[in-house]
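Undergrad: The structure follows.
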């Protein structure tokens, strides 16, 4: 299948000297001035910047800056060290990522393949600027498919009894090098311990209805009440099941003509679109999290 | 304001000989054949027909037919009498409405005016093919506005103590002539007794979120979790609060930049659009209800 | 890759005794009655029916009926013969297709793979109820990918000089067995002669803008005028370039932040969604064509 | 109608000390640093800022800043004077507007009222933070309606012969105090001379199709080709008819069931929504224009 694998040449030209900076801190006078002066004095050119203050009186300040810095690879370490002073002064949580250093993803999947296929398609097309380092599944069904892309596949079965051991093996396989875990219809609950390791770095996707239906068989319930819209929500995983910060949502219209199976089919289509957007935004450092809420600069 | 009142001339030309037929019955062989043969033999020409069977094996059958019948005003009574035989044979719930006989609406409103204003605009523009017979409110705020359209306004205050008496007065004012009650942000719960009088003839509108937020201040909750989409649901009122058959839903995208007030403003815009569609479809006999679900032929 | 190929088991259960009937004819009294009585008397049960009359006075009548007929394989020939009488009486163009006989598709592709990948994904997932009989391309790039699905791939190069010969070879390869040709970003103009062979059976996809941009580089033009929405149109191919009957359209929002490459990327995503819907509707006999317009019963 | 007029109390609390700054200039190092340092040193607190660089190599830089400045009314003049130095250094086009100084609007209308009604509704609801100073029409139909809101109405007839004189009278009536002219379905072409007076300060709305239809009766053409989506475009008026910078667009789905009149009705609904958004963004200083393109920070 090598003929149409394009993941090594992004549609966006490689920008070796570009970096992205994310900042969260309590709002106060002089932050933008201090940061932009700092970058200017270090020879950086700001290419794009977004800023948002949640509640101007004593709220939080969020900023995302893309900048070009000559000889980034050489100079970035110094820039980071120098920035510590400003960061300390304003009590900043911050990060600077090199654009050329692609994020490493581990995709978790169970038996449904639609979200995995979508991510791999975007990756192949060069639209997902990340490295898919591995796929982990509690089933063996996707092995051939995943390996046909040259991506390592790890089959780690999970039962009620082996759950703790399975997570231990997952962490072992993942190692220390993975930036983001994507639950692409992975039908197992993640333990608080595991979540703690990857706080705001595990993205999950699930169907969503308007209104929500409590209890089992939500598609059947939605059908029985004749909903006209079904949707999907991508969010960071927290200890509260499906209650973490929302990254992206989208919907599609349905009608009484759509039976339960067709609602599920439409739901799958929305899920893959919404998950792909959420993963892309994370890999492009577009998401900041504060409490249980995201700020998405897209 | 008379200059731009156009409610007497619909954008759709008056079709004096047109009628609409709605049928629900258990599915079985020969229904379409019997109905269409009946209409043909009575000289009617079918202009549009929609049919839907919920679950082909032993499910329900739903049909909507628009037909033209020469001298409808004279002939319809006979047609209805003759149809009883077929209706009995197939255990049909059915109705035939003349298109030229506009439905009479009573609009209930409290203090928020956006849904009322939207309905009056559509009515003025000739897009809502109905008579707005009266507006009833538990507050007096809208009186001048409503009366400027030449529409009767009834102020019937409601308190916890006077609720039963207020509903008695509402039913008195409404009389026996109203086809549809529209709760255009009417912030009072309707009693089961009242609902029983207007089963599947009371339409309510409320905001909806993805997912739903249980408890008070839903917009604040939605803001705090950073929802990306908010919506509205129009439904028939049943004894279960906001749990009746859904007629229409729609949504709009929002972002972290929208504060709680802006979420509310966007919510109002969706509410008025969704309510207007639901009311229009009801007045055009496009909705059939089965159990807790609608079939909307739009 | 066999593990997740599901094309042999549709999400919709195989319904061996189900058929679909499409009718177009001049409107007149008694059509529905005659057709439904005919089906009833032949033992068929109507599962779903849609009807539409374009302009009630002397317009065209369109109908789609799904019905179940016991022992369809045995009885359908007789039904078709008997129907000739009614068809003649009302000057009908009509067809009856067995649901269990999947349509055979030939997909034409050039170098862009996104539409092809989407169709194959839907096909694998069992959502596209058709047989993909072959892929034809004027380039050899997709061979490995297509053949990995077990689908025959034909490389037929096209140059200005060999165009006529290339079309002759295409028709030869296609043979007499193909129901639908899908131009999945096939970047060659189809000759009138070829179109005539597959009238209303060639579906094309192209990007669309609001407003349209005349001349070359439409994405650059769209970028330069700052469009906020880009879209795609799927249509049947006629002699007028990109001017045939529209089957489906959809759009996505964009902003000034999207550069020309990103507009193209978003355009690709819409194209694949829109084309997949159009192809699915054709395979499910949901589309009737009259003059330069479609009636889509979806 | 006074009871529900709320235009004096915005849903967003009055922020007397808030201002908005818009900047366009050739990109180069140090701009953000210089501007943010300037504001900091003048005691301003940046509440929100958006920045965008079109083509990082030698492109244009755009910025929008909302800031709070103590005793703005007293201090703003000095701030503006001091800013001249920076503006000159970076060749900036710039403006600083006080949020508390509402923009003054003149609405032009002909016979169709839907866009006017929508703007007045938003204004009444307090959602449109502007003063509607007058309505000018080439017909007298809306006088009573407009005056019922206490808004001056000027009837200035236009014929082929009197066009020049009519524009002279319009400019006279408008005076020197109007910030924005909204063509709310004003069916007259504006002359280049008039446009020059209000460069990027005249907003027009028109329907849009996918694809565009050249020539007369676009709705009939759209119907005849069976379009599935219709839309509307709001843009600044330039000398090229309907060719100016696009501010906002939106669409709605339609089907073969919608006849030409219904397409027009749906078109009206989209037009009013799109125009209202464009006007709101202009009044909130969210739009920068460069060449024939807008940058909208919304």
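Only the coordinates and a few stated rules stand behind these numbers; no lab work does. No experiment lies behind these values; they were computed from the predicted model shown. FYI the Cβ positions are ideal-geometry reconstructions off the backbone, even for glycines, and counts take in every protein chain you see.
Undergrad: Of C:122, C:235, how do they rank once you tally other Cβ atoms within 10 Å and put the fewest first?
TA: Working: C:122 21, C:235 24.
With the sparsest Cβ surroundings first, the list reads C:122, C:235.
Undergrad: How far, in nm to one decimal, is residue B:177 from itself in the other copies if the label point is set 7 angstrom along Cα toward Cβ? Shortest first, please.
TA: 4.9, 7.1, 8.2
Undergrad: Let me ask another. Contour minus end-to-end for residue D:100 and residue D:257, with contour as 0.36 nm per residue of separation and end-to-end as the Cα-Cα distance?
TA: So the extension gain works out to 51.7 nm.
Undergrad: What full-extension length gain, to one decimal in nm, is calculated for residue A:161 and residue A:48 as 0.36 nm per residue of separation minus the Cα-Cα distance?
TA: 35.7 nm
Undergrad: Moving on to the next point. Fewest first, what order do C:153, A:209 take by the number of other Cβ atoms within 10 Å?
TA: Listing C:153, A:209 from fewest to most nearby Cβ atoms yields C:153, A:209.
Undergrad: Sticking with this one: Please identify, among C:192, C:157, C:211, the residue showing maximal mean-square fluctuation in a Gaussian network model of chain C using a 10 angstrom Cα cutoff.
TA: C:211
Undergrad: Once the label point is set 7 Å along the Cα-to-beta-carbon vector, what list of distances in nm do you get between residue D:15 and its counterparts in the other copies?
TA: Here the equivalent label points are 2.9, 5.4, 5.8 nm apart from this one.
Undergrad: Oh, and also: Report the Rg/Rh value for the stretch B:147-298, based on alpha-carbon coordinates and the Kirkwood definition of Rh.
TA: The Rg/Rh ratio comes out at 0.99.
Undergrad: Expressed as cubic angstrom per residue, what is the convex hull volume of the alpha carbon set of the protein assembly as shown?
TA: Per residue, the Cα convex hull of the protein assembly as shown comes to 195 Å³.
Undergrad: Using the Cα gyration tensor of chain A, with a ≥ b ≥ c the square roots of its eigenvalues, what is the shape: rounded (a/c below 1.5), prolate (a/b larger than b/c) or oblate (neither)?
TA: Judged from the Cα gyration tensor, chain A comes out prolate (a/c at least 1.5, a/b above b/c).
Undergrad: Treating the angle as unsigned and between 0 and 90°, give the value, to the nearest 10°, between the Cα long axis of helix C:114-124 and the longest Cα principal axis of chain C.
TA: Approximately 40 degrees, to the nearest 10.
Undergrad: Ordered shortest first, which distances in nm separate the 7 Å Cα→C-beta label point of residue D:140 from those of the other copies?
TA: Residue D:140 label point versus its equivalents elsewhere: 3.7, 8.1, 8.9 nm.
Undergrad: Let me ask something additional. Just grab the label-to-label distance for residue A:214 and residue B:168, each label 7 Å out from Cα along the Cβ direction, in nm (one decimal).
TA: Calculated label separation equals 3.6 nm.
Undergrad: Using only alpha-carbon positions, what ratio does the radius of gyration of the stretch A:18-98 give when scaled by 2.2 N^0.38 Å?
TA: Output field value: 1.05.
Undergrad: So, one more: In degrees between 0 and 90, to the nearest 10, how far off the longest principal axis of chain C does helix C:31-41 point, with axes built from Cα atoms?
TA: 70 degrees
Undergrad: Just to confirm the number: angle between the C-alpha axis of helix D:260-283 and the first principal axis of chain D, 0 to 90 degrees, nearest 10?
TA: 20 degrees
Undergrad: May I pose another question? Point me to the residue of chain C whose C-beta lies closest to the C-onto-D rotation axis, rounding the distance to whole angstrom.
TA: That would be C:212, 2.
Undergrad: Mind jotting down the distance between the C-alpha centroids of the stretch C:264-292 and the stretch A:221-235, whole Å?
TA: 24 Å
Undergrad: Which of D:251, C:135 comes first, and how do the rest follow, when ranked by fewest Cβ neighbours within 10 Å?
TA: Exposure proxy ranking, most exposed first: D:251, C:135.
Undergrad: Moving on to the next point. Per-residue ellipticity at 222 nm for chain D, helices alone: DSSP H runs ≥ 4 residues times -39500 (n - 2.57), over residue total, nearest 500 deg cm²/dmol?
TA: Rounded to the nearest 500, it is -10000 deg cm²/dmol.
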